[in-house]
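Working notes for the structure below.
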Amino acid sequence: MSETEQSADSEAPFTVPKKIWHRNLIALWVGLFLTSMGFSELMPFLSLYIETLGNYTHSELSLYSGLAFSASFIVAAVVSPLWGSLADRYGRRLMLLRASLGMAICVLLMGFATNVWMIIGLRFIQGIFSGYMPNSNALLAIQVPKKESGKALGILSTGGVSGALFGPFLGGILASVFSYRVTFFITGSLMLVVFFVTLFFVKEKFQPVAKEDNLHTKEVIHVLPHPKLIFGMFVTTMIIQASNNSISPILSLYVKQIMHGSPTVTFFSGVVAAVPGISTLVAAPRLGAIGDRIGSEKIMIFGFILAIFLYVPMAFVTNVWELMILRFLLGVSNACMLPAVQAIIAKNTPAQVTGRIFSWNQSFQAVGNFSGPMIGSVVSSIFGYSGVFISTSILVFLNLCLVLNDTKAIRQAH
């Protein structure tokens with residue numbers, strides 16, 4: 001273990017029995033799977049649902065759909081630090097219950113919407129009640145021994161990945177078999193299951209902290225053994241999300257271009273979008289365990305280098321099979337990056353501020369989720385679809401340079 005990890009570990013000696021955190025890992029995995037599935041389940045038909053709520057022009061529909069998609073991310077970026085502060089004061093489990101119940105109610109109410117502004121407003125409120133993922137990471141991070149945190153957080157991340165992978169598929173089936181409104185009711189009910197799974201199976205021993213004893217922002221930064229490293233990881237998270245999401249607006253259009261308008265474009269677009277999740281699901285726990293042995297920062301650096309070498313040839317593929325293979329390998333690089341960032345944060349954050357640090361990280365993640373598609377749309381309008389892959393590789397290269405600088409002390413300690 002490096003000096004950096006020891007300094008953080010000394011602030012929070014590990015006392016939670018293995019049986020407890022193992023059960024929490026399983027319950028949180030289920031919760032993350034259902035939460036991510038619920039979010040992604042709505043994405044394929046949200047714009048189509050909005051279209052049924054009024055007579056809109058093409059530009060109006062694009063605007064309203066954009067607002068509905070981005071509203072929750074924008075709000076989440078703003079409110080996450082507040083929830084993180086409350087998590088450190090009252091406990092992470094309480095924040096998990098708050099997030100799961102709030103999201104379930106919002107999604108259920110969307111099924112009753114009668115106009116687009118109700119959808120946008122509910123998406124806005126949904127963003128306010130966000131936070132299941134960072135609080136899951138924070139709760140697990142303070143319970144798992146530092147030497148096993150990379151593997152544990154890697155396994156936990158596969159819950160979100162697999163849920164996001166399965167969600168659009170299930171959402172498409174439910175919307176086809178039933179209706180858009182009924183799909184919202186089913187999805188809201190699934191997210192209500194998350195609340196009960198968390199209520200009955202997630203355990204946390206937490207002594208509430210008096211308001212006057214809760215650390216202020218400057219004090220939180222002061223207790224971090226390596227604040228520069230932590231804030232570097234925040235920026236890294238933002239750029240990773242922006243890089244991944246910059247491709248989203250043009251991916252299906254790019255598949256259509258290289259397939260020359262084939263009638264099977266819709267099917268192959270779905271496959272191309274899904275394949276990175278499959279490889280991430282398989283690779284993340286294994287890479288997390290390797291990171292615990294050799295250093296999470298080395299796994300992350302490998303992921304960045306691999307991503308750069310994959311994005312560039314994506315700009316020059318001549319058929320959909322080449323793109324599919326490259327996207328599958330990209331999933332391996334994704335498995336190297338975000339779980340490693342979370343492991344580094346966990347290993348270098350004292351327990352008393354874990355909730356706040358992971359919530360700050362979510363704020364940066366939300367900014368990346370919001371800015372990525374905007375970057376992709378602007379670049380594609382100027383340089384074409386291939387230009388998006390080139391610009392994304394440049395973004396990843398800049399992130400690699402940042403990470404090499406921020407993790408220099410850890411690598412030297414190892």
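Key figures
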{"quantity": "Residues that are closer than 16 Å to T280 by Cβ and either surrounded by fewer than 24 Cβ atoms within 10 Å (Cβ to Cβ) or of a type in the set (G, A, S) (or both), drawn from the stretch 342-363", "calculated": "A343"}
{"quantity": "Sole exception among (1) touching a Leu at 6+ places or on another chain (Cβ under 7 Å); (2) part of a helix (DSSP H, G or I); (3) not hydroxyl-bearing (S, T, Y) for V317, by number", "calculated": "(2)"}
{"quantity": "Residues of the stretch 364-379 satisfying the condition of being polar (S, T, N, Q) and surrounded by fewer than 21 Cβ atoms within 10 Å (Cβ to Cβ)", "calculated": "S371, S377"}
{"quantity": "Qualifying positions in the stretch 150-184 - aromatic (F, W, Y) and crowded, with 17+ Cβ neighbours inside 10 Å", "calculated": "F166, Y180, F184"}
{"quantity": "Subset of the stretch 307-328 (residues that are over 13 Å from T392 (Cα atoms) and either surrounded by fewer than 18 Cβ atoms within 10 Å (Cβ to Cβ) or more than 19 Å from the chain's Cα centre (by Cα) (or both))", "calculated": "F316, V317, T318, N319, V320, W321, E322, L323, M324, I325, L326"}
{"quantity": "Failed item, numbered, when I308 is tested on (1) assigned to a helix (DSSP H, G or I); (2) out of contact with any Phe, Trp or Tyr (no Cβ under 9 Å at 6 or more places or on another chain)", "calculated": "(2)"}
{"quantity": "Verdict on M300 being closer than 27 Å to G84 by Cβ, surrounded by fewer than 18 Cβ atoms within 10 Å (Cβ to Cβ) and of a type in the set (A, V, I, L, M, F, W, C)", "calculated": "no"}
{"quantity": "Test set (1) surrounded by 23 or more Cβ atoms within 10 Å (Cβ to Cβ); (2) of a type in the set (A, V, I, L, M, F, W, C); (3) within 24 Å of P285 (Cβ to Cβ) - F201 fails condition number", "calculated": "(1)"}
{"quantity": "Residue, farthest from F397 (Cα to Cα), within the stretch 238-250, restricted to residues that are touching a Leu at 6+ places or on another chain (Cβ under 9 Å) and either of a type in the set (A, V, I, L, M, F, W, C) or modelled with pLDDT of 90 or more (or both)", "calculated": "A242"}
{"quantity": "Residue match in the stretch 264-281 (condition: buried (at least 19 other Cβ atoms within 10 Å of the Cβ), small (G, A, S) and within 30 Å of F304 (Cα to Cα))", "calculated": "yes"}
{"quantity": "Some residue of the stretch 44-59 being within 19 Å of the chain's Cα centre (by Cα) and either among the small types (G, A, S) or surrounded by 16 or more Cβ atoms within 10 Å (Cβ to Cβ) (or both)", "calculated": "yes"}
{"quantity": "Residue list for the stretch 29-84, restricted to those being among the aromatic types (F, W, Y) and either touching a strand residue (DSSP E or B) at 6+ places or on another chain (Cβ under 6 Å) or outside any helix (DSSP H, G or I) (or both)", "calculated": "F45, Y56"}
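The values are calculated or read from the model by the stated rules, or taken from the named source; none is laboratory data. Owing to the predicted nature of the structure, the values given are computational and were not obtained by experimental measurement. Here the Cβ is made from the backbone with ideal geometry for all residues, glycine too, and neighbour counts use every protein chain on show.
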